[in-house]
1. If you check residue 115 against the conditions, is it surrounded by 19 or more Cβ atoms within 10 Å (Cβ to Cβ) and in a strand (DSSP E or B)?
2. I'd like to check something: does segment 141-148 contain any residue that is open to solvent by 20 Å² or more (accessible area, probe 1.4 Å), farther than 22 Å from residue 19 by Cβ and free of Cβ contacts under 8 Å to residues at least 40 places away in the same chain?
Amino acid sequence: MNIKEWKIELRRQAEAERNALEPSVRSEKSKHISHALWERIREMMDSCAGAGHQPTLFTYVPVKSEVDVTPVMEACWKKNYRVLVPKVQHEPKQLKLFEIQSYDDLEKGAWNIPEPKDDIPQFHDMKKIDVILVPGLAFDLRLGRLGYGGGFYDRFIQQYVRAGWTKPYIIAGAYDMQMIKEVPMGLFDFRLDELITESRAIRAAKTGGANR
């Protein structure tokens, strides 16, 4: 089995297992995870504030059985932090970012995922992003991430690498049951700086953190 086939099988298994979580159980776990995510993101964003800089979060809008990160978005709005969400562009395959200030700025888009409305201006200055909150199907202890197979987030992160820019802090929230032994990593796949589940936080050694 090559890496592509391995990823396809892992995605199938991971999504089926996540979808199988009882809605009440999933909701309770999501509350714990989103609370911990916000505490961590707030800590980092507060440290970025000042000198005319508006702390900026790029986040996904959750759908189906994903961890519900809308409480993080709402907390950012209350603190006047900038919230960016993506819109999928298929040709060429990339994510375009837009600042939203409430749910009123969203409408159903590709794959029924909420996306910014057409009249919302695009956000271009990637260097102003402080934290990226990414979705994923499975993760491992080395902070590998298994996405949905479109490669959109990988391409986005590669823009920083190619330009020689410092990458934003990359964080994800996941249920404990999304942890697997190993995520197969390709040449352009990225690793997280931190992963938070309902029971622990795992930080990359380069951030000075440790598993807890």
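The values are calculated or read from the model by the stated rules, or taken from the named source; none is laboratory data. This structure is a prediction, so every number in the text was calculated from the model and none was measured. Glycine also receives a Cβ, built like all others from the backbone with ideal geometry; neighbour counts cover every protein chain displayed. What goes into the accessible areas is simple: the full protein's heavy atoms, side chains included, and nothing from ligands, DNA or RNA. Shrake-Rupley method; radii C 1.70, N 1.55, O 1.52, S 1.80 Å.
1. Yes, satisfied.
2. No: segment 141-148 contains no residue that is open to solvent by 20 Å² or more (accessible area, probe 1.4 Å), farther than 22 Å from residue 19 by Cβ and free of Cβ contacts under 8 Å to residues at least 40 places away in the same chain.
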